[in-house]
Amino acid sequence: MKSIIFDMDGTLINSGNIIANTINHVRIHSGLEAMDKIYLLQNINNPHINSAEFFYGTEQFTDKHTKLFEDYYEEHCVSDIILYDGIIKLLENLKGKFDLTIATNASTIFAIQMTKHLNIKHYFKDIIGADKVKNAKPHPDMINILIKKHNFNRNNTILVGDSHKDVMSANSANIDSLLVNWGFTNHDKDALETIDELEVRLFEWNDK
């Protein structure tokens, strides 16, 4: 059985509101003005920026940033999230035919909480977040852990995500990837536009 590793935010779950609200909560409590939501989300997965500097004006995240972020996110992370239309149908069609897992730059505990709230956790063999690895995406650490833990064959494993960080992590892990265009980053080319198109491509990949 081949395996699919899904990104979560921007791929399965539309969590743009909670991500933007949380970052702006940290900004406001750090003496900064709120950032435009669209501009913020366009850069949330930008691999070419220092995120701490871009969002908070510091060279690295501080303990204050982390606490403000985690406290607000924990309280609100299920209050303003929805599944993208068609995700349940997709997962229903994939279950039993693929091993499904999630690799997300969110913390594992929040990812589990969010997938439970949206009633999709049972589709996934495993969920791993950035807190479980030394380096989050675009590094391959999460992918490598899932492959080793579940004895996946790299030649039979594909990652589905909405950002270049996902593609970069897949390339570094030497697995295939598919990029989708309904998440936080608008891609000019080489990205799938609909969930139906994603399903077709996954089954085509499975038949290779």
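Quick look at the values:
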| read-out | value |
| --- | --- |
| Residues of region 20-45 satisfying the condition of being of a type in the set (A, V, I, L, M), at pLDDT below 95 and buried (at least 17 other Cβ atoms within 10 Å of the Cβ) | Leu41, Ile44 |
| Test for Lys64: is it in contact with a Ser or Thr (Cβ under 9 Å, 6 or more places away or on another chain), farther than 28 Å from Trp205 by Cα and outside the structural domain of Lys165 (by TED's automatic domain parsing) | yes |
| Residue in region 54-61 that is outside the structural domain of Ile112 (by TED's automatic domain parsing) and acidic (Asp, Glu) present | yes |
| Residues of region 102-126 that turn out to be under 17 Å from Ile5 (Cα atoms), assigned to a helix (DSSP H, G or I), without any contact (Cβ under 8 Å) to a residue 40 or more places away in the chain and not polar (S, T, N, Q), as a count | 4 |
| So Ile82, is it crowded, with 16+ Cβ neighbours inside 10 Å and at pLDDT 95 or above | no |
| Test: residue in region 85-94 that is closer than 28 Å to Ala170 by Cα and not in a helix (DSSP H, G or I) | yes |
| Options Lys125, Lys116; residue that is touching a strand residue (DSSP E or B) at 6+ places or on another chain (Cβ under 6 Å) and of a type in the set (Lys, Arg) | Lys125 |
| Considering residues of region 1-48 that are more than 14 Å from the chain's Cα centre (by Cα) and part of a strand (DSSP E or B) only, the residue nearest to Val167 (Cα to Cα) | Ser3 |
| Near pairs, Cβ below 6 angstrom, 6+ apart or cross-chain, from region 87-101 (without any contact (Cβ under 8 Å) to a residue 60 or more places away in the chain) to any residue that is assigned to a helix (DSSP H, G or I) | Leu91/Tyr123; Lys95/Tyr123 |
| Among the residues listed as Leu40, Leu68, Leu32, the single one being in contact (Cβ under 8 Å) with a residue 12 or more places away in the chain and touching a His at 6+ places or on another chain (Cβ under 7 Å) | Leu68 |
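Conditions (1) out of contact with any Lys or Arg (no Cβ under 9 Å at 6 or more places or on another chain); (2) crowded, with 19+ Cβ neighbours inside 10 Å; (3) not aromatic (Phe, Trp, Tyr), marked per residue:
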{"position": "Gly86", "(1), (2), (3)": "yes, no, yes"}
{"position": "Asn93", "(1), (2), (3)": "yes, no, yes"}
{"position": "Lys97", "(1), (2), (3)": "no, no, yes"}
{"position": "Asn105", "(1), (2), (3)": "no, yes, yes"}
{"position": "Phe110", "(1), (2), (3)": "yes, yes, no"}
{"position": "Lys121", "(1), (2), (3)": "yes, no, yes"}
{"position": "Asn135", "(1), (2), (3)": "yes, no, yes"}
{"position": "Met142", "(1), (2), (3)": "no, yes, yes"}
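The values are calculated or read from the model by the stated rules, or taken from the named source; none is laboratory data. From a predicted model like this one, the values you see are computed outputs, not experimental measurements. Please note: Cβ atoms are built from the backbone with ideal geometry, for glycine as well, and neighbour counts cover all protein chains shown.
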